[in-house]
Amino acid sequence: MKVIIISHESDLDGLYSAAIGLLRYPQATTIFLGYGAENFQKLGNFVDAATRYSPERGLIIIADLGLNDDLIETCKQIFSEAVRNGWKILWVDHHPWSQQAIDALKPLVEIVLDTLGSKCAADLMYENLLPGNKLANSLAGMAHTMDFFTKDQYLTPISELVRYYQTFPDFYARLSELA
């Protein structure tokens with residue numbers, strides 16, 4: 001099965017969410033994006049290119065990218081076409097979503113949200129894709145520590161490494177290798 005993992009580019013939660021996805025689906029392609037309309041247009045271009053002409057159907061996982069109301073229509077268009085082409089979409093996030101955003105995408109996308117604000121995206125990826133997997137649990141724990149500043153474990157400055165990689169022209173390739 002063809003799998004595409006699209007995750008947040010700027011922090012450990014996005015990186016480790018993608019890593020957990022890769023543990024579950026080692027054949028997956030990873031794409032890292034930031035926020036904003038321009039990045040969601042890129043998301044649309046990636047999804048369209050992958051789903052429109054591929055004879056193989058698959059799964060798109062979006063992790064650690066929140067949805068603002070001004071991008072609802074863009075996402076509906078992107079995912080409507082992918083679903084028509086036989087693809088499934090899973091969106092895993094811990095950022096607050098409006099009820100309008102949830103209602104608009106729920107017919108097209110399986111949405112996994114943390115409404116209590118106690119979990120990061122990697123926690124949700126672990127629980128939904130690889131519950132019980134020790135490595136995935138460890139990755140989720142590290143991402144949780146960094147996202148919530150719990151200071152319950154010492155972590156090397158991986159987030160600084162991600163920021164440093166952003167200065168390189170091959171940033172996305174380096175980030176994919178890190179995942």
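Here r is the Cβ-Cβ distance between ASP69 and THR150 and R0 is 30 Å; the resulting FRET efficiency, rounded to 0.05, is 0.50. Site pair GLN99 and GLU177 shows an inter-label distance of 4.9 nm when each label is modelled 7 Å from Cα along Cα→Cβ.
A straight Cα-to-Cα reach below 13 Å connects LYS119 with the aspartates and glutamates ASP13, ASP64, ASP93, GLU127, ASP147, residues fewer than 8 places away in its own chain not being considered. Residues of the chain were split at every exposed loop site, defined as chymotrypsin sites (Phe, Trp or Tyr not before Pro) in a DSSP loop with at most 11 other C-beta atoms within 10 angstrom, and the longest piece left, sites excluded, is 54-148. Model label sites at LEU116 and THR29, defined 7 Å from Cα along the beta-carbon direction, differ in position by 3.7 nm. Cα-based radius of gyration for the range 1-159, normalised by 2.2 N^0.38 Å, reads 1.00. List the pairs from LYS2/LYS106; LYS42/LYS106; LYS42/LYS134; LYS2/LYS76; LYS106/LYS134 whose alpha-carbon separation is above 24 Å, in the order I gave them. LYS42/LYS134; LYS106/LYS134, as the Cα separations exceed 24 Å there. Note on GLN41 and GLN166: their simple-model spin labels are 2.0 nm apart, each label 7 Å out from Cα toward Cβ. Extension gain for the segment MET1 to GLN77, taken as residue separation times 0.36 nm less the Cα-Cα distance, is 25.0 nm to one decimal. For the range 66-151, pairs of C-alpha atoms spaced more than 23 angstrom apart make up 32 percent of the total.
All of the numbers you see were taken from the coordinates with simple rules; none came from a lab. Quantities reported herein were computed from a predicted structural model and do not represent experimental measurements. A quick note on method: Cβ atoms are made from the backbone with ideal geometry, for glycine too, and the neighbour counts reach across all protein chains shown.
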